[in-house]
1. Working only within the stretch 70-103, note down all residues that are surrounded by fewer than 13 Cβ atoms within 10 Å (Cβ to Cβ) and touching a residue at least 40 places away in the same chain (Cβ under 8 Å).
2. Considering only the stretch 58-69, I want to know if a residue exists there that is closer than 22 Å to residue 110 by Cα and touching a helix residue (DSSP H, G or I) at 6+ places or on another chain (Cβ under 6 Å).
3. Tell me which of these residue 87 doesn't satisfy, since it passes every other one: (1) more than 26 Å from residue 61 (Cβ to Cβ); (2) within 25 Å of the chain's Cα centre (by Cα).
4. I'd like the full set of residues that are assigned to a helix (DSSP H, G or I) and in contact (Cβ under 8 Å) with a residue 24 or more places away in the chain, limited to the stretch 104-115.
């Protein structure tokens, strides 16, 4: 049963991604009418910003970890190099290695939209 659910989820995701192509989705947010709803949305905003900060920190840590690992490998390569050609190979390999990490803040935005609606707000999506 779990296997079937996983396959269904993957198929749905694939169809969603294939169907969106190069479309841009814009969101129009209509705040809840009640004070309690607006207060709730404010809390959603705080949670979203915390989430975004966490995601950016995770990406930064991953990048830094990659850079440290790259430095260690470079130093190990140099320590085993026995001539200028091997040193050049170490330098070349290091130049070809780039470290980057992309934050996944889109999840925070998805969670915010759910929270916004749960607070009584309305979101109108338009695709372009």
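Each reported figure results from applying straightforward, stated rules to the coordinates on display, with no laboratory input. A quick note: this is a predicted structure, and the numbers were derived from the prediction, not measured. Cβ atoms come from the backbone with ideal geometry, glycine included; neighbour counts cover every protein chain shown.
1. Scanning the stretch 70-103 gives a single hit, 102.
2. Within the stretch 58-69, the subset closer than 22 Å to residue 110 by Cα is 58-60.
Remaining after also requiring touching a helix residue (DSSP H, G or I) at 6+ places or on another chain (Cβ under 6 Å): none.
There is no residue in the stretch 58-69 that is closer than 22 Å to residue 110 by Cα and touching a helix residue (DSSP H, G or I) at 6+ places or on another chain (Cβ under 6 Å).
3. (2)
4. First, the residues of the stretch 104-115 that are assigned to a helix (DSSP H, G or I): 106-115.
Within the stretch 104-115, 107, 108, 109, 111, 112, 113, 115 qualify.
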